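Student: Following this message is one structure expressed as structure tokens.
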Amino acid sequence: MSNIELFESALQLSYPWKIKEIHFETHCKHLHIHIDIEPIFLICSELILLDKELMTRQPHNFFKYPCFIHWEIPRIITLEGELIKGEHFGVKPQKKLNVS
């Protein structure tokens, strides 16, 4: 199992979310996990991707190290002009880590 697979499992990530990058800051002992959404998910003839809103949370520690999760929530406009966030489609990362 790769590091990415391990963290995706611990975070309970599922399509369309995936881990883009994992890095550990040795000077302050912080773990940073960057999550991205599959671009194909954002393609639809009835929706227009406006931009993405950056989110950062520190839900738990991972193996006693502070873990910061970074992701971008897509902001989408419907053809009717309604602004909605991608999380309203049920496409937000899971809330908690399973490993402490």
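Student: When you scan the stretch 10-42, how many residues do you find that are modelled with pLDDT under 90 and acidic (Asp, Glu)?
Tutor: 2
Student: Further, regarding this structure: Of all residues in the stretch 23-39, how many are surrounded by 15 or more Cβ atoms within 10 Å (Cβ to Cβ) and under 13 Å from the mean Cα position of the chain (by Cα)?
Tutor: Residues in the stretch 23-39 being surrounded by 15 or more Cβ atoms within 10 Å (Cβ to Cβ) and under 13 Å from the mean Cα position of the chain (by Cα): 6 in total.
Student: OK, next. Going through the stretch 43-78 one residue at a time, which ones are modelled with pLDDT under 75 and in contact with a helix residue (DSSP H, G or I) (Cβ under 8 Å, 6 or more places away or on another chain)?
Tutor: If the condition is that a residue be modelled with pLDDT under 75 and in contact with a helix residue (DSSP H, G or I) (Cβ under 8 Å, 6 or more places away or on another chain), then LEU49 is the only one that fits.
The values are calculated or read from the model by the stated rules, or taken from the named source; none is laboratory data. The structure displayed is predicted, hence computed values, not measured ones. Virtual Cβ from ideal backbone geometry, glycine too; neighbours counted across all protein chains shown.
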